[in-house]
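Notes follow once the structure below has been shown.
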Amino acid sequence: MKKEEITKIHTNNLSLYYGDKQALKDISMAMYANKVTAFIGPSGCGKSTFIRSLNRMNDLIEGVRITGEVKIEDVNIYAPEVSVVNLRKRVGMVFQKSNPFPKSIYENIAYGPRINGITDKAQLDDIVEQSLKGAALWNESKDRLAASALSLSGGQQQRLCIARAIAVNPDILLMDEPCSALDPISTSKVEELILELKENYTIVIVTHSMQQAARVSDYTAFFYVGELIEFGPTRDIFTNPKKKQTEDYITGRFG
Amino acid sequence: MQSEQPEPSNQPRPASDAEDQPVAARLVAAQHPPLTQKKRRIGERLIELGIYSVSATSIIFIFLIFLFVFREASPIFFGGADGGKKDTAVATAPATGPTTPPIISNTTADDTAELESEQYNPEAEALPTPQPTASNPPPATPQDDAERARKIVGEGYPILEHESPVNVSYLAYDNWQPNSEHPRYGIYPIIVGTLKTTIVAMLFAVPLAILAAMYTAFFAPKWIRETLKPAIELLAGIPSVVLGFFCLMTVASVVQTLFGLDFRLNSIVGGIGLGLAVIPIVYTICDDALRAVPGSLREASLAVGASEWQTAYRVMLPAATPGIFAAILLGIGRAFGETMIALMATGNAGTFSWSFTEPVRTFAATIGAEMGEVVFGSPHYQVLFFLGVLLFIFSFIINFITEFYVKERLIKKFRGA
């Protein structure tokens, strides 16, 4: 682990309960600026729950209780004075299943900026173009911005969701299995995109694909039944895991 | 092999196919029925037939109802068979020309007609009564009546409306006085009255219902939602006569004192009453429509930093547009057709006015109040059925609007082409 990394997100003894069931157990780890951090682990191990607690999406689920803290640049996002709305503007999210709004492509991207009070048409046009270019979708969609987002293919829809997320100019991008519903070609496009976006954003990605974690991430965290088993640079995790469980999972002996 | 052949032939069943085949072939045939032979269980067939006949019956019933209503009102559209006979009979009798001009001239002579009717005249009072009793021989009566009417009111005076055949010009009046000396079946006040109460009802009910649905769908904690939704839906179970009574006694007084109105019962009170009946319908369907919007859209919106309200208003509401419009149109249909509340709370005044603070009369209330006492086959009867036809036509129009405008244009607008 290089020492010059800047810590962007830091969790401190984060525990999360769904009612009585504890889903996350005392997780303490750091995610570094302009790096891709991948969460791997078998289904139900809490990695999606964990990524959703980084922009407080779990608040939407009834009966969720959280202890510990999540600090983004030294601000605990669960502190009462924190504005959830402003938090989510800074911490964008891309979901497992692409979920474009049933609106036009243009309106999908312009939605976030409009919410933030941008009404100038020229400025919106510019944001839409930049976001679509950022999500490598501009060439495919520039001639049909008024078409329904639902007319795009699955891979295009997912890239549209990425464009929508970066349109509000966040500095952290959370991706919850962004490629799980995509074919290999779309997946490789999204992966290329992640590597490009790394220049400007701190990216946290949940993935079921070990190969994907190895390809795109700088750091990898392995979760198992709500616990963080091992966290370190991706190269170390994949070549020289310190824990037996990590090694077993990576080599495919369980999971 | 050969000895077995007579056996099947002795059986009474007509198994002609089986007889020609050898036994082995028949055995095979018994194990595997031929592919071309359709085997259907009688029970299933009966059930299918039952389902088919029930659906056919319901469609036929709807069609027959419409046919019946339309037939009873048909003289107004076509002059009708009876109407046509009356037309010629009356046209020859006065020898002043065709019947329609006198009727039109009667509207211009409105003042004199009303003056005449104000004078109490026992003979004229008796005039409408022979018509119902003598409604069986139609050709004779109008002529007689016309003769007598001319005797009473003088040669130059135009024929009374109820003696002339029913036609559309009957309906072109500003007031609804079906039982008057000079009956007027003016449908303008009724159309306008229905529109006014419906507009008030929708203005009152739709915002409340949609906002309530948005609250329970997105904002309310679980326990509030679980109490509020059944409570509002319970409103649909209140008999409309109770709502009508409530409006008649309470809402009318409140509205009158609040706005300082001259009339206790008016389109506002009636509209509020209809609105109370409409709210649960619109609310329930809106709530279902809003909750049917995928939660992933809500998450997506919240994830770009939208507040709950922005999400509800800018994402969930547009996504639920088709359902919400269906709810509104269903509400309009209910407000349009609701009889008892309209009968009790609108004042039932058949006079033309654009003012919302004056008593009004609606289609449904008119039919409900008068159909029971109307003389079978009389012009009044036909006009009431004509109102029924108009109700049909309005609901068809509403359905067409849903189909073609709402489904295509609005969805395109909200969801992108």
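Miscellaneous remarks
- Checked against (1) within 16 Å of the chain's Cα centre (by Cα); (2) of a type outside the set (A, V, I, L, M); (3) within 14 Å of chain B (Cβ to nearest Cβ), A:Cys179 passes all but a single condition, namely (3).
- Residue within the stretch A:91-98 that is away from chain B (no Cβ under 13 Å) and either touching a Leu at 6+ places or on another chain (Cβ under 7 Å) or charged (D, E, K, R) (or both) present: no
- The helices (runs of 4 or more DSSP H) found wholly in the stretch B:273-343 and carrying at least 3 residues that are under 30 Å from B:Val255 (Cβ atoms) and modelled with pLDDT under 90 occupy B:321-337.
- Residue in the stretch B:254-269 that is polar (S, T, N, Q), assigned by TED's automatic domain parsing to the domain that holds B:Tyr215, at pLDDT below 90 and in a loop (DSSP other than H, G, I, E, B) present: yes
- Selected residue [in contact with a strand residue (DSSP E or B) (Cβ under 8 Å, 6 or more places away or on another chain) and acidic (Asp, Glu)] from A:Glu73, A:Glu62, A:Glu81: A:Glu73
- Test: residue in the stretch B:221-236 that is of a type outside the set (Ser, Thr, Tyr) and within 25 Å of B:Thr351 (Cα to Cα): no
- Residues satisfying the stated conditions in the stretch A:136-154, i.e. crowded, with 20+ Cβ neighbours inside 10 Å and away from chain B (no Cβ under 14 Å): A:Leu137
- The helices (runs of 4 or more DSSP H) found wholly in the stretch A:172-255 and carrying at least 2 residues that are among the acidic types (Asp, Glu) and out of contact with any Cys (no Cβ under 9 Å at 6 or more places or on another chain) occupy A:184-197, A:244-250.
- From B:Arg314, B:Arg298, residue being within 14 Å of chain A (Cβ to nearest Cβ) and touching a Ser or Thr at 6+ places or on another chain (Cβ under 6 Å): B:Arg298
Every residue, every condition in (1) surrounded by fewer than 16 Cβ atoms within 10 Å (Cβ to Cβ); (2) in a helix (DSSP H, G or I), yes or no:
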{"residue": "A:Phe50", "(1), (2)": "no, yes"}
{"residue": "A:Glu62", "(1), (2)": "yes, no"}
{"residue": "A:Lys71", "(1), (2)": "no, no"}
{"residue": "A:Arg88", "(1), (2)": "no, yes"}
{"residue": "A:Gln96", "(1), (2)": "no, no"}
{"residue": "A:Tyr106", "(1), (2)": "no, yes"}
{"residue": "A:Pro113", "(1), (2)": "no, yes"}
{"residue": "A:Ile127", "(1), (2)": "no, yes"}
{"residue": "A:Gln157", "(1), (2)": "no, yes"}
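- Looking across the stretch A:73-86, just one residue is part of a loop (DSSP other than H, G, I, E, B) and within 11 Å of chain B (Cβ to nearest Cβ), and that is A:Ser83.
Here is a yes/no grid of residues against (1) crowded, with 17+ Cβ neighbours inside 10 Å; (2) polar (S, T, N, Q); (3) in contact (Cβ under 8 Å) with a residue 60 or more places away in the chain:
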site	(1), (2), (3)
B:Pro221	no, no, no
B:Ile224	no, no, no
B:Leu261	yes, no, yes
B:Ser267	yes, yes, yes
B:Gly271	yes, no, yes
B:Cys286	yes, no, yes
B:Arg291	no, no, yes
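- Residue under evaluation B:Ala303, criteria (1) without any contact (Cβ under 8 Å) to a residue 24 or more places away in the chain; (2) away from chain A (no Cβ under 14 Å); (3) surrounded by 18 or more Cβ atoms within 10 Å (Cβ to Cβ), criterion not met: (2)
Each row is one residue, and each column tells you yes or no for (1) small (Gly, Ala, Ser); (2) under 24 Å from B:Val315 (Cβ atoms); (3) within 11 Å of chain B (Cβ to nearest Cβ).
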position	(1), (2), (3)
A:Asp125	no, yes, no
A:Val128	no, yes, no
A:Gln156	no, yes, no
A:Cys161	no, yes, yes
A:Pro170	no, yes, yes
A:Met175	no, yes, no
A:Ser188	yes, no, no
A:Lys198	no, no, no
A:Ile203	no, no, no
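The values are calculated or read from the model by the stated rules, or taken from the named source; none is laboratory data. Only a predicted model underlies this, so the values are computations on that prediction, with no experimental measurement involved. For neighbour counting, all protein chains shown are included, and Cβ atoms are generated from backbone atoms with ideal geometry for every residue, glycine included.
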